[in-house]
Structures are given as C-alpha cells and as structure tokens.
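Below is one structure, written out as structure tokens, with a few remarks after it.
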Amino acid sequence: MTAAALSEVLDIRDRGDRTAMAVYQHKYGFLTEGSLDGWQETDSAAEITATEFERIWASAREGIS
C-alpha cells in the first residue's frame with residue numbers, strides 16, 4: 001500500500017535531499033507509474049467526487065502519521 005503524494009515527492013526531489021526522500025518513502029511508500037485501465041470493471045469500484053477523495057485521503061494519511 002502506498003500513500004505517497006506526487007506534490008510531496010516532487011518537492012523533495014527538487015530539493016535534492018536524498019535523506020528526506022528515503023525517510024518519506026519509508027513512511028509513505030513509492031510512487032509508481034502504471035496504467036489505471038480496467039478499474040471500472042472491478043466489482044468494488046465506484047466513482048467518487050474530488051471532495052470525497054480528498055476527505056478519505058486526508059483521513060488515511062492521518063492514520064499513517
């Protein structure tokens with residue numbers, strides 16, 4: 001499971017702080033590139049609003065901290 005955020009990863013990368021990136025990746029995981037094709041066919045898939053996504057994302061991130 002990964003809870004990394006692209007904006008955070010890019011910020012750390014742009015600062016060139018390898019130690020900070022290692023700490024971040026240990027806590028939140030790694031961003032990966034891949035296709036999201038096919039999610040609509042998954043039985044448990046459901047569309048949600050951006051607001052609902054942000055609410056759920058924030059709650060999940062709090063659980064990691």
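A few notes on this one:
- Of all the listed residues (ARG61, ARG15), the sole one being at pLDDT 90 or above and not polar (S, T, N, Q) is ARG15.
- Cβ-Cβ under 8 Å pairs, at least 6 apart or on other chains, segment 1-18 side hydroxyl-bearing (Ser, Thr, Tyr), far side surrounded by fewer than 13 Cβ atoms within 10 Å (Cβ to Cβ): THR2/PHE30; THR2/THR32
- Filter pass, SER44 being part of a helix (DSSP H, G or I), at pLDDT 80 or above, open to solvent by 80 Å² or more (accessible area, probe 1.4 Å) and small (Gly, Ala, Ser): no
- Screening the candidates ALA60, ALA20 for the property of being of a type in the set (Gly, Ala, Ser), under 11 Å from the mean Cα position of the chain (by Cα) and surrounded by 10 or more Cβ atoms within 10 Å (Cβ to Cβ) yields one hit, ALA60.
The values are calculated or read from the model by the stated rules, or taken from the named source; none is laboratory data. Everything quoted here is computed from the prediction, not taken from an experiment. Virtual Cβ from ideal backbone geometry, glycine too; neighbours counted across all protein chains shown. To get the accessible areas, we keep the full protein, side chains included, count just its heavy atoms, and leave off ligands, DNA and RNA. Shrake-Rupley method; radii C 1.70, N 1.55, O 1.52, S 1.80 Å.
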